[in-house]
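Throughout, read-outs are computed from the coordinates displayed, never taken from laboratory work. If you're wondering where the values come from, they're calculated on a predicted model, not measured in any experiment. Here Cβ is always computed from backbone atoms with ideal geometry, including for glycine, and neighbour counts include all displayed protein chains.
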């Protein structure tokens, strides 16, 4: 991936994100003599001709090349402001609907920047990302950028092979990043690794040292981790200050280029702590014997993973990284035949009866696989900072629920019911039941 290009920078040379772009910034395109070219295209009108003949082809050509900017409401040759009428409909939605003719769907962001002198007019700014899965085919044709134009490529041309090789290169880079090098191959405890990978991330090798120093100070200021250390090209943040051969703790690894790895051990109850529960189940459901299985505390594990994910999201947002640039994937190891445990407050015979009935109706949550790696997914739209927590919850609930064969709605109910039983002793393994 080539470094991200933007025609919008502030006085300190920092890139101005699309979300903070003002009308005055767009008008400076002419002042700064930003002409149409390989990564910039101007269109004066948003009309049927543009929508039918140019929109999808232009976006596909940028995605197949190195990404770029499309400005609608600026005259092609002069870069003069013309303006287009503000539509009531959402431009992101309109563009997405038009892009059904492009396969796969290119990744883009758009924003309508209003004219302060006439709020009904303005400029539509669309940023198209360099594609990670080319070729992007528009109505059966592949388009590439050539100077300030888009050109069709005939099938069988070497350019098609180059696009396929680009997709393969991204796939290899992604897989190389998604490896857990924090535990040895002989480790037996269950663990989840969460990978937040940004294919557009890059950093000058000469800036890594200074960037790591800045990151360490920023991460220390959050007060979220017990111990923070330097690594070769990353900062390691530990959930515990205990240092020993047997120490197992959550770890967040923040790389200088903006990528993130989260290491989340699943909280397994020691046998002596769940023995009573196991015997209680076996007495009433002879077909279920969890005495020799890994029993994972569902509430504590979920809460720990969720906190890790929210902390990572919030740090990335505050560091001006765009969440929608990231691919997220989960990797679980050593989880075979793990049982998910939730505290129960079984005070009455009726409580016990209902609990046993749910178990006998196969509502007993056992992970069927020993290792699982999920397919990477990415965020289509940027996430406002006040919605980061909700976004993390949605991602984790679906992932964690399906791992153990639970409906996400049922998992939410289990979390809500068991949470109050922990009170202040969040990481206690005590459970409540009466026989």
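Structural remarks
- Here segment 147-188 and segment 231-305 have alpha carbon centers that stand 33 Å from each other.
- In nm, spacing of pseudo-spin labels at residue 407 and residue 32 (7 Å Cα→C-beta vector): 5.3 nm
- Helix 55-64 axis, angle to the chain major axis (alpha carbon atoms, nearest 10°): 70 degrees
- 48, 297, 257 arranged by Cβ crowding within 10 Å, fewest neighbours leading: 48, 257, 297
- The angle between the Cα long axis of helix 271-284 and the main principal axis of the chain comes to about 80°, on a 0 to 90 degree scale.
- Placing R0 at 25 angstrom, the Cβ-Cβ distance between residue 158 and residue 54 gives a FRET efficiency of 0.45 after rounding to 0.05.
- Sites residue 220 and residue 24 - FRET efficiency at Förster radius 30 Å, r taken between beta-carbons, to 0.05: 0.20
- Principal-axis tilt of helix 388-403 within the chain, Cα atoms, nearest 10 degrees: 50 degrees
- Remark: spin-label model distance residue 188-residue 314 equals 3.7 nm, labels positioned 7 Å along the Cα→Cβ axis.
- Applying 1/(1 + (r/R0)^6) with r as the Cβ-Cβ distance of residue 232 and residue 171 and R0 = 22 angstrom yields a FRET efficiency of 0.35.
- The order of the peptides 31-37, 316-322 by mean Cβ neighbours within 10 Å, most packed first, is 316-322, 31-37.
- Identified option (computed Rg and Dmax of the Cα atoms in Å; candidates (i) 26.2, 83; (ii) 22.5, 69; (iii) 21.0, 61): (i)
- Modelled spin-label separation between residue 398 and residue 284, with each label point placed 7 Å from Cα along the Cα-to-Cβ direction: 3.4 nm.
- Each DSSP beta bridge with both residues in segment 18-160 is either parallel or antiparallel, and the antiparallel ones are about 85%.
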